[in-house]
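Let me begin by presenting the structure, written as structure tokens, before commenting on it.
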Amino acid sequence: MNKLMIMLLIPIVHGMSLILEELFEEVNRECDGNFYNSLSDNCKNKLAKIDEDVNGLNVHNILEPCYHDMCVPFTRSQAWTRSIGYKIVDEWRPWLSNGQVVGYTQGYDHNLTFLTIKGVGHTVPEYKPKEAKMMDLERIRHATTFLQ
């Protein structure tokens with residue numbers, strides 16, 4: 001990948017909401033805007049985290065229709081979830097189905113999980129029924145574990 005593509009990659013994945021706002025701010029701070037040839041270990045670690053978060057995306061189908069719900073964008077829900085103040089117990093990471101990234105998740109204490117699903121509008125089961133079922137099964141599994 002050439003220098004220009006690498007320099008544009010970070011703002012692009014941020015603009016598409018594929019990485020957390022906090023991670024984008026951290027990588028900008030640690031890399032001082034130089035994502036291509038930074039000598040800082042902190043910068044390299046942040047870039048590696050971004051690579052981990054976006055690794056496995058189907059880059060040929062990343063712009064699925066209705067990726068962002070314009071009525072209730074997930075960034076507002078994400079900000080509200082953070083405002084509760086619960087401790088993060090599972091860092092922001094992709095979740096997969098059949099080897100493809102279908103969304104992102106972050107776990108908090110008190111058994112709270114924030115989860116996104118790519119390619120959906122406001123009603124997840126309408127747009128992505130398989131992923132909605134996976135999400136429900138995971139929620140039931142966590143609830144069962146929590147009750148034991």
Worksheet item: Each label point is 7 Å from the Cα along the Cα-to-Cβ direction; what then is the distance between the points at L112 and N55, in nm?
Response: 3.0
Worksheet item: With each pseudo-label sitting 7 Å past Cα toward Cβ, what's the K133-A79 distance in nm, one decimal?
Response: 3.6
Worksheet item: If you take the beta carbon distance between E30 and E126 as r and set R0 to 35 Å, what does 1/(1 + (r/R0)^6) give as a FRET efficiency, to the nearest 0.05?
Response: 0.30
Item to complete: Determine which aspartates and glutamates satisfy two conditions relative to K128: a Cα distance under 14 Å, and not lying fewer than 8 residues away in the same chain.
Response: E64, D69, D136
Worksheet entry | For the range 74-147, the Rg and Dmax computed from alpha carbons only, in angstrom | 12.6, 33
Response to the item:
Which residues qualify? For N34, with a placed amide H closer than 5 Å and at least 5 residues away or on another chain, they are none
Fill in: Cα-projected label distance for D41 with Q100, points at 7 Å along beta-carbon direction, nm
4.0
Item to complete: Determine the gain in length on full extension of the stretch E91-I12; use 0.36 nm per residue of separation and subtract their C-alpha separation, reporting nm with one decimal.
Response: 26.3 nm
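None of the figures in this text is laboratory data; all of them are computed from the coordinates on show. Predicted model only: the values in this text are computed from it and were never measured. Note: ideal-geometry Cβ built from the backbone for every residue, glycine included; neighbour counts use all protein chains shown.
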